[in-house]
Amino acid sequence: MRADAKKKTLDAIKRLEGLTAKLHQLVDEDAYCTKVLEIALAMQGHLKHIQGMVLQSHLHTCAPKNLSSPKAKEAFITDILKVVGLSQRS
């Protein structure tokens, strides 16, 4: 993983951990439902952000070496599509 993406990903994970603790607290305290939903949606946003950063880093770091041969290229593309849920091929 690229160093810049790694730092940003770790920072986002820390924020996600904070949100997870807050969500746990709110549920434990029987907080108002929309507040619980607000935190859960914020967590989804952070997860999507993390996914995007990791995918972008992967394409920058792993794509060049995996696009060198037709067989490696096909496996790489299949792997990417599988991970992002765009294909059911295995």
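Things to note:
- Within the chain, the whole DSSP H helices whose Cα atoms reach 24 Å or more along their own axis and whose mean Kyte-Doolittle score is at least -1.0 are 3-28, 33-61.
- Residues within the reach of a label modelled at Glu17 (point 7 angstrom out along Cα to beta-carbon, backbone nitrogen below 16 Å), restricted to region 32-57, are 47.
- Using the Cβ-Cβ distance between Ile77 and Tyr32 with R0 = 35 Å, the FRET efficiency computed as 1/(1 + (r/R0)^6) comes to roughly 0.15.
- Additional length obtainable on full extension of the chain from Ala42 to Met1, 0.36 nm per residue less Cα span: 12.3 nm
- Low-density loop cleavage sites - trypsin sites (Lys or Arg not before Pro) in the chain, where at most 16 other Cβ are within 10 Å (DSSP): Arg2, Arg89
Rule-based calculations on the coordinates, nothing more; no lab input. Because the structure is a prediction, the values reported are computed rather than measured. Reconstructed Cβ throughout: ideal geometry from the backbone, glycine too, with neighbour counts over all protein chains shown.
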